[in-house]
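Coordinate-derived values only; no laboratory data. This is a predicted model, so every value here is computed, not measured. FYI the Cβ positions are ideal-geometry reconstructions off the backbone, even for glycines, and counts take in every protein chain you see.
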Amino acid sequence: MADVVQYRLERMSDELDDLERRGLFSRPEIAEIVRRRRDFEYRLKRPSPLKQDFLAYIDYEKQVDALRNLRKRAILGEIAEKEREQEDEEGEGVEKKKKKKSKKWKKSISDIAGVLRILDIYRMATVRYKADLDLWFKYLEFCRLKKHGRMKQVLAQAIRYHPKVPGLWIYAAAWEFDQNLNVAAARALMQSGLRSCPTSEDLWIEYLRMELTYLNKLKARKVALGEDVKMLQRNKRDDDQWKEENKDLFMPLKEEQGSNSQEGDLEKGEELFLQQGALVLQTIYHGAIEAIPSSLSLRQRFLEILDVVDLANYDELKIEAMEDLKKNFSHDESYWDWIARLQIGGISNLKDLERSKVHSKLDRVVQVYEEALNVLPTAKMFSLSAKFWLDMMAPDGEDSVSPLSEIVNNQDFVSSIIKVFEKAESSGCLTSDLACQYLSFYLQIGGLDEARNLAKKLCSGKLSGAANLWILRSTIEIKWFTNKSPPINKDDMRFIFEFLKDVLTRLSISDTERLWLMALKVFSNNKGYFERLVKVLIVALGKVGGSYSGASVSSAVVNWVHQREGIQRARDTYKRFLSLPHPSVKLFRHCIELEANLGFLGDSCAIKCARKLYESALCIYPENRELWRDYYLMEKKVGTSESANAVYWRAKKIFKDTTLLNTDL
C-alpha cells in the first residue's frame with residue numbers, strides 16, 4: 001500500500017514544481033497539499049474504501065484547483081496593470097512585452113493536472129461503486145463542465161452498467177444534441193434507449209421533443225438565411241421575435257452531411273416542414289402507445305405537445321388521439337377529470353375572457369362531468385368533480401379568493417359543489433371520505449348548523465360505522481356548543497359528555513386518539529366529568545391492552561392530573577393505568593421520566609418510585625435493552641456504586657452478548 005501511495009505522490013512532483021515556480025503556491029502550502037493528498041490516497045487504498053472518501057478527495061481537489069485559478073487570474077491582472085503603467089510612461093515596446101507575457105503564462109502541466117486527477121478519482125470511484133447512479137451523474141456533469149474529451153467514454157461506461165435507466169439515455173442524447181451538435185448520434189442513442197427501456201414515458205416524450213426541436217433548428221437556419229418561413233410554434237407574432245427569444249436553437253451552418261438524409265427534402269418548402277413534423281409526431285405516438293398501451297399520462301403529454309406546435313393535419317391528429325383516449329380510458333376517472341379541466345385550460349387563462357365565454361366554458365365542463373357520472377358513478381368520480389369546483393372557488397386554499405369572483409358569482413360554485421355531493425348521496429356512492437369532504441365544505445363556507453344536521457343524518461345511516469365521520473361529527477358538536485351565544489350550561493355539558501362517551505366507546509382507541517385528547521381538554525376544568533371520562537378510558541384500555549395510542553392518552557391524563565392536583569394524585573392515576581393488563585413500555589417510560597425529573601431535584605421519594613417503576617417494567621419486558629440501560633444510568637447518577645453494579649450484573653445475566661452490553665451500559 002505504501003509503495004503505491006508513494007508512487008502516486010511522486011508522479012505529482014512536476015505539477016507541484018510548476019505551481020511553486022509560477023508563484024501560485026508557496027512551499028509550506030505545497031507541503032500541506034502533499035500531506036492532505038497522502039492522507040486521501042491512504043484512505044483510497046484501504047481494503048474497502050468508502051464512497052465518502054472518494055467524494056471528500058474530489059471536493060478537496062476542486063477547492064485546490066479553484067484556488068489555483070483564482071491566484072492565476074490575480075497575478076495576470078497585476079501583470080496587465082504593470083504593463084499599462086509602463087505603456088503610459090514609455091509608450092513603446094508594448095507588443096514585445098505582450099509576447100513575453102504570453103510566453104510566460106502559456107498552458108503548462110499545472111493547468112491540466114488538477115482536472116486529470118479529479119477525473120482519475122471519479123474513475124476509481126465508479127469502478128468501486130458501479131451501481132451508484134448519483135456518482136455516475138456527478139462524474140458526467142464534471143466531464144460536461146470541463147470539456148476534457150472524456151464525455152463519450154464515460155457515457156458509454158455508464159450506459160453499459162445501467163442500460164435500464166432512462167435518465168442516462170436522455171442525458172447522453174441531450175449532450176450529443178446540444179453540446180456535440182451531432183443529431184444522428186443523439187437519434188441513435190434515443191432509439192437504443194427505447195429498445196432497452198420501451199416502457200419509459202420520459203424517453204418517448206424526450207425523443208419527440210428532440211425531433212421537433214431539430215425541425216425548428218432547420219427552420220431557424222432558413223430564417224437566418226433570409227427565407228420567409230413559419231416556425232412550428234403556434235401563436236407567434238413574427239419570426240423575428242421568435243428568433244430573438246430562441247437564440248439557443250440556432251445551429252452553425254457547417255453540419256455533417258450524413259447527419260440527416262432527409263434535410264434536402266425538408267428544405268423544399270414550408271409545407272414539407274409541417275408534413276415532416278406531423279409524420280414524426282404520428283410515428284413516435286403510435287410507437288409509444290404500442291409499447292405502453294395502458295398509460296393515460298403518456299397520451300396526455302403527447303397532446304400537450306401537439307397543442308403547442310403547428311403541424312400539417314393538426315386537426316386529424318388531435319381527433320385521432322382524442323378518440324383513442326376515449327376508447328381505451330373511458331373507464332378511468334382520471335381521464336374524465338382531465339377532459340373536463342381541458343375545457344378551460346387554466347383558471348388564470350379565464351380572467352381575461354368575456355363573461356359569456358367563461359360561462360360557455362364552464363357549461364362544457366358541467367356537461368363533461370355529467371357524462372362522466374353517467375358512465376362512471378363512482379365515489380372517486382364524484383370526489384374529482386367536487387375537487388374541480390372547489391379549485392375554481394378557492395384555488396390556493398380555503399382562505400383564498402377565486403380569480404373569477406368578478407365574472408362568476410361565488411354562490412354558483414357553492415351550489416354546483418352541493419349538487420355533486422347530493423347526487424353522490426342519492427346514488428349510494430357517498431363513502432366516508434367523501435362524506436367528510438361534504439361536511440368540511442359546509443364548515444368552509446360557514447354553514448355550521450347545516451354541517452351539524454348533515455353529520456347527524458349521515459352517522460345514523462349507512463355510514464354509522466365510519467370512524468373518521470364520527471370524529472368529524474364530534475368536532476362539529478363541540479364547535480357548535482362552543483360558538484353558542486349563551487354560556488354552556490349543565491345540560492349542554494351533560495349532552496356533550498354523553499355524546500363523546502358514546503362515540504369513544506363505539507370506536508377503538510387507536511382511531512380516536514385525537515378525539516380522546518380533545519375530550520380531555522374540554523372537561524379538564526370540570527373535575528366530575530374528567531373523573532368519569534378517565535373511568536371510560538380505563539375500561540377502553542382494559543379491552544385493548546398496552547397500545548401505542550392508549551399510552552399517549554394515558555400519559556396526557558397523568559400530565560393533566562400532575563399539573564392540577566400534584567404528584568401524589570398523579571401517582572394514584574398512573575398506578576390505575578399500570579395495573580391494567582399488559583401496560584405499554586411508552587407509559588412506563590413517561591411515568592419514570594416524571595419521577596426521575598423530581599428525583600434529580602432532590603425528591604428521595606421520587607427516586608424510590610422510579611426504581612419501583614423500573615422493576616415493574618422489567619418484570620414485563622425483561623429483554624428490553626433500553627430499559628436496562630436507562631435504569632443503570634439513573635443509578636449511576638442518583639444511586640450508589642453498589643446499586644449500579646447490581647443492575648449491571650442483572651442485565652449481564654440476561655444478555656449473553658457481553659460486548660454489546662458493555663457498549664450500551
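Observations, loosely collected:
- Net dipole in debye of region 466-601 [+1 Lys, Arg Cβ; -1 Asp, Glu Cβ; about Cα centre; nearest 20]: 120
- If you take all other residues with their beta carbon under 14 Å from the beta carbon of ASP3, and give Lys and Arg +1 and Asp and Glu -1, the sum is +2.
- In this simple spin-label approximation, TRP649 and ASP3 carry label points 7 Å from Cα along the Cα→Cβ vector, and these lie 5.6 nm apart.
- Paramagnetic label zone (point 7 Å from Cα along Cα-to-C-beta, THR640; backbone N under 16 Å) in region 595-629: 608
- Once divided by 2.2 N^0.38 Å, the Cα radius of gyration of region 469-611 becomes 1.13.
- Stretching the chain fully between ARG506 and ASP492 yields a gain of 2.9 nm (0.36 nm per residue, less the alpha carbon separation).
- Cross-link pairs exceeding 23 Å between alpha carbons, from the set LYS326/LYS380; LYS543/LYS612; LYS357/LYS380; LYS82/LYS106; LYS138/LYS164: LYS543/LYS612; LYS357/LYS380.
- Calculated diffusion of region 104-181, Stokes-Einstein form, Kirkwood radius summed over Cα pairs, 20 °C and 1.002 mPa s, µm²/s: 160
- 32 Å Cα-Cα threshold exceeded, pairs from LYS130/LYS219; LYS527/LYS608; LYS62/LYS219: LYS130/LYS219; LYS62/LYS219
- Whether region 592-646 is rounded, prolate or oblate, judged on the alpha carbon gyration tensor where a/c under 1.5 counts as rounded: oblate
- Note on region 566-608: dipole from Cβ charges, positive end direction compared against ILE567, PRO583, GLY602; the farthest Cα belongs to PRO583.
- Summing Cβ point charges (Lys, Arg +1; Asp, Glu -1) relative to the Cα centre of region 125-228 gives a dipole of roughly 480 debye.
- Charged side chains reduced to their Cβ positions (Lys and Arg at +1, Asp and Glu at -1) give region 274-393 a dipole of some 340 debye around its Cα centre.
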